[in-house]
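Okay, structure first, notes after.
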Amino acid sequence: MTERLGADVLRELFLFEKLDDGQLAWLAERGEVRGYPAGTTVYAAGKPATRLFVLLEGTLALSVRAGGAEVETVRTDYRGAYAGAFFAYLDMPPQSYTSTLRTVTGCRFWELPAADFGQALREWFPMATHLLTGFAIQGQAAQEMVSTRERLVALGSVTAGLT
């Protein structure tokens, strides 16, 4: 049996506290609660970003790969902390998770499918969505330029070493 949260419980989470009753009811219909034991990889970087996760209880850790190592960037037990498919508002091909989410302790999350999350943001907050889309595209372009520069610098170092 699927556990759902009512609109009143969703309103208690800071992410949803300003939504109206209709919006909360819409989310309540689509989201569900799932539990994961300690040590579970809930999602992995690079995999398709299919869900938004909102922490209800437990401790989670987010990590990214950097320099060939796994680097923990966030560890929290803050009720309402969110992770996952938060780029779902982009009206573009499906996104991938940018980090890996693991449970440090047993965790319960309220989960919402990415397509539903993206639809809600685009319909309820069109101006914010346009601003965030521009920011995301600029950020991706900047990251690609930095990555290209790093590769060229590394290639230059190898070439210099050979000469």
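For the stretch 12-43, the set of residues classified as at pLDDT 95 or above and under 15 Å from the mean Cα position of the chain (by Cα) consists of 41, 42, 43, listed by residue number.
Here residue 147 passes the criteria (1) under 17 Å from the mean Cα position of the chain (by Cα); (2) at pLDDT below 75; (3) small (Gly, Ala, Ser); (4) loosely packed, with under 15 Cβ neighbours inside 10 Å except the one numbered (1). Within the stretch 4-18, being out of contact with any strand residue (DSSP E or B) (no Cβ under 7 Å at 6 or more places or on another chain), buried (at least 18 other Cβ atoms within 10 Å of the Cβ) and in contact (Cβ under 8 Å) with a residue 60 or more places away in the chain holds for one residue alone: 10.
The single condition from (1) open to solvent by 50 Å² or more (accessible area, probe 1.4 Å); (2) at pLDDT below 90 that residue 102 fails is (2).
Can you find even one residue in the stretch 86-95 that is in contact (Cβ under 8 Å) with a residue 24 or more places away in the chain and assigned to a strand (DSSP E or B)? No, the stretch 86-95 contains no residue that is in contact (Cβ under 8 Å) with a residue 24 or more places away in the chain and assigned to a strand (DSSP E or B). Please verify whether the stretch 60-80 includes one or more residues that are modelled with pLDDT of 90 or more, surrounded by 12 or more Cβ atoms within 10 Å (Cβ to Cβ) and in contact with an Asp or Glu (Cβ under 6 Å, 6 or more places away or on another chain). Yes, that holds for at least one residue.
The values are calculated or read from the model by the stated rules, or taken from the named source; none is laboratory data. Since the model is a prediction, treat every value here as computed from it, not as a measurement. No Cβ is skipped: glycine too gets one built from the backbone with ideal geometry, and neighbour counts run over all protein chains shown. Quick note on the areas: whole protein, heavy atoms, side chains included, nothing else; ligands and nucleic acids left out. Shrake-Rupley method; radii C 1.70, N 1.55, O 1.52, S 1.80 Å.
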